[in-house]
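Take a look at the structure set out below.
The values are calculated or read from the model by the stated rules, or taken from the named source; none is laboratory data. Nothing here was measured: the structure is a model prediction, and the numbers come from that model. Reconstructed Cβ throughout: ideal geometry from the backbone, glycine too, with neighbour counts over all protein chains shown. These accessible areas exclude ligands, DNA and RNA; they are computed on the full protein's heavy atoms, side chains included. Shrake-Rupley method; radii C 1.70, N 1.55, O 1.52, S 1.80 Å.
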Amino acid sequence: TLHVYREVEEGARQQHKPPLCTVAFAGKLTTQAWRSGVQISTGTDGDAPLEEPWPSLFDEFQLLHDAAGMPPMAVIQAATITGAKAMGADREMGTIEAGKLANLVVLSANPLDDVRNMQAVVMTVKRGRQFLRSDYKR
């Protein structure tokens, strides 16, 4: 994941030390891997601060796009089908198909236009149960 390298960089800066690895370098490595055909899965290895309105996974989406140069569709696939494959759950989730769990998100803006539109969440559906973003309480 790239998100963890942002945390490492920030921690090193606070300690006035050089980071062991930067987001820029990790992004280049991820780009090379992705372009070589390695399937990239989203992840964070960290939590967002409680005052943040979004989980750190949304930071990961942006970093995969901005630092690793992955197009929005590849970022979406990293979060869906590739993530499901990484968990060994691609028979149950990761794509929208008959017989799979109804796990999806409804957005008010197209993430293919801008990966940041992944934060345009209107509703999440988990195992067929709806959760409105407007009902979310921190």
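The table below lists the values:
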read-out: In order through segment 98-108: 3J(HN,Hα) via Karplus (6.51 cos²θ - 1.76 cosθ + 1.60), integer Hz, x for Gly, Pro; value: 4, x, 8, 4, 7, 10, 7, 10, 10, 10, 9
read-out: Carbon + sulfur, % of accessible area of the chain - ligands and nucleic acids excluded, 1.4 Å; value: 53
read-out: Mean-position separation - Cα centroids, segment 100-138 and segment 1-73, in angstrom; value: 22
read-out: Amide H partners (placed H, <5 Å) of residue 48, local residues excluded; value: 56
read-out: Mean separation of Cα contacts under 8 Å, 6 or more apart, over the residue count of the chain: relative contact order %; value: 18
read-out: Accessible solvent surface per residue of segment 8-138, calculated while the other protein chains remain in place, 1.4 angstrom probe, Å²; value: 66
read-out: Environment charge at residue 86 (Cβ cut-off 14 Å; Lys +1, Arg +1, Asp -1, Glu -1); value: -2
read-out: Length released on extending from residue 112 to residue 124, taking residue separation times 0.36 nm less the Cα-Cα span; value: 2.5 nm
read-out: Count, lysine Cα pairs under 19 Å in the chain, 8 or more residues apart or across chains; value: 4
read-out: Contour minus Cα-Cα distance for residue 38 and residue 95 (0.36 nm per residue); value: 18.6 nm
read-out: The chain, helix-only ellipticity at 222 nm - DSSP H runs n ≥ 4, -39,500 (n - 2.57), divided by all residues, nearest 500; value: -10500 deg cm²/dmol
